[in-house]
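One structure is given here, and the rest of the page talks about it.
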Amino acid sequence: MVNHKQIKEALLIRRIEESFLELFSQGKLNGTVHTSVGQEFSAVAFAGQLKKQDFVFSNHRCHRHYISFTKDYSGLLAELMGKKNGICGGVGSSQHLQNGNFYSNGIQGGIVPLAAGMALANKLQNNDNIGIVFIGDGTLGEGVLYETLNIISLWKLPLIVVCENNSYAQSTFQSDNRSGDILKRADAFSIKTFDSDTWDIDKLLSSAKESI
């Protein structure tokens, strides 16, 4: 069941994202900006329910994941404005962030094997930590994703792959470039799957908690 704290965090993420769009239109951000308005509860459900010893690999729409995992709002704002007191000294900007166990990069297919490598390190250390890597439905067209899913399953790595499906790959609508069922792709590697909807917040939160 969604609680007051989670709702407050989702609303805060929405306002921060809207502020980034406003600042970008005013020419006050360092570089470009990629927001994820409407997907706030996905971040709250997954990144927000991890332990700090766990890790997150995110993508170009990483602000909400970063906020939910680190709670570092001011550092994120300073980073996107190119300030030295930003997360990465103001040079990483919107896509390339690193703070503690949080990492982001714009190449969605490329971050999946990196996340698998860190998950393997956790398994070898037997430290009971897990990781989450966030991808979009457009990443389903990347061969490296399936190679890594095979390794994740074969080596039983403690990694959750969260596919946030917004029905678009860049500007291409999903029905124009994807056939078949998304969940069956993971099923083919004997990976346990969950399916949730951001409009059914209680189910989203419970599914995320169960998968974690």
Listed residues Asp202, Asp54 arranged by accessible area, highest first, probe 1.4 Å: Asp202, Asp54
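Treating the beta-carbon of each Lys and Arg as +1 and of each Asp and Glu as -1, no other charges, what is the dipole magnitude of the range 3-114 about its Cα centre, to the nearest 20 debye? Before the final figure, lay out the partial values.
Numbers: 12 positive and 8 negative charges, 43 e Å.
Roughly 200 debye, rounded to the nearest 20.
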Taking 0.36 nm per residue of separation between Gln174 and Thr193 and subtracting their Cα-Cα distance, the length gained on full extension comes to 4.8 nm
Can you give me the pair-distance distribution of the range 30-109, C-alpha pairs, 5 Å bins, whole percents? 3, 18, 28, 28, 17, 6, 0
Percentage relative contact order, the range 41-165, counting C-alpha pairs under 8 Å, at least six apart: 25 percent
Can you flag which of Lys5/Lys71; Lys8/Lys71; Lys52/Lys192; Lys156/Lys203; Lys51/Lys184 are past 19 Å Cα-Cα? Lys52/Lys192; Lys156/Lys203; Lys51/Lys184
Among beta bridges assigned by DSSP with both residues in the chain, the antiparallel ones amount in percent, to the nearest 5, to 25 percent
Measuring from label point to label point, each 7 Å out along Cα→Cβ, what is the Ser206 to Leu183 span in nm? 1.5 nm
Can you tell me how much longer the chain between Lys52 and Asn166 gets when fully stretched, taken as 0.36 nm per residue apart minus their C-alpha distance, in nm with one decimal? 38.3 nm
Filtering chymotrypsin sites (Phe, Trp or Tyr not before Pro) in the range 115-212 by DSSP loop and by at most 10 other Cβ atoms within 10 Å leaves Trp199
Put +1 on the Cβ of every Lys and Arg and -1 on every Asp and Glu Cβ in the chain; which of Phe69, Ser36, Ile191 then has its Cα farthest towards the positive end of the dipole? Phe69
Using a simple charge model, +1 on the beta-carbon of Lys and Arg, -1 on the beta-carbon of Asp and Glu, nothing else, what dipole does the chain show about its Cα centre, in debye to the nearest 20? 600 debye
Among Leu11, Leu145, Leu77, which one shows the highest mean-square fluctuation when the chain is modelled as a Gaussian network with alpha-carbon springs under 10 Å? Leu11
Honestly the range 1-60 on the Cα gyration tensor test (a ≥ b ≥ c root eigenvalues; a/c under 1.5 rounded, otherwise a/b vs b/c for prolate or oblate) is just oblate
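If a/c stays under 1.5 just call it rounded; otherwise compare a/b with b/c (prolate if a/b is bigger, oblate if not). Do that for the range 117-212, with a ≥ b ≥ c from the square roots of the Cα gyration tensor eigenvalues.
Numbers: a/c = 2.12, a/b = 1.37, b/c = 1.55.
Oblate shape, in that a/c is at least 1.5 and b/c is the bigger or equal ratio.
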Of Leu205, Gly143, Tyr103, which is farthest on the positive side of the dipole of the chain, counting Cα position, with +1 on Lys and Arg Cβ, -1 on Asp and Glu Cβ, and the Cα centre as origin? Tyr103
Taking Cα atoms only, Rg over Rh for the chain with Rh from the Kirkwood formula is 0.95
For the chain, which whole-number percentage of the solvent-accessible area (1.4 Å probe, protein heavy atoms only) is attributable to carbon and sulfur atoms? 53 percent
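Order the following by accessible area, largest value first: Arg14, Arg178, Arg64. Probe radius 1.4 Å; ligands, DNA and RNA are ignored.
Details: Arg14 85, Arg178 55, Arg64 5 Å².
Reading off the accessible areas and sorting them downward yields Arg14, Arg178, Arg64.
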Express in whole angstrom the spacing between the alpha-carbon centres of the range 118-190 and the range 1-43. 24 Å
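The values are calculated or read from the model by the stated rules, or taken from the named source; none is laboratory data. Keep in mind that what you see is a predicted model, and the values were worked out from it rather than measured. A quick note on method: Cβ atoms are made from the backbone with ideal geometry, for glycine too, and the neighbour counts reach across all protein chains shown. The protein model used for the area step is the full one, side chains on, heavy atoms only, and it has no ligands, DNA or RNA in it. Shrake-Rupley method; radii C 1.70, N 1.55, O 1.52, S 1.80 Å.
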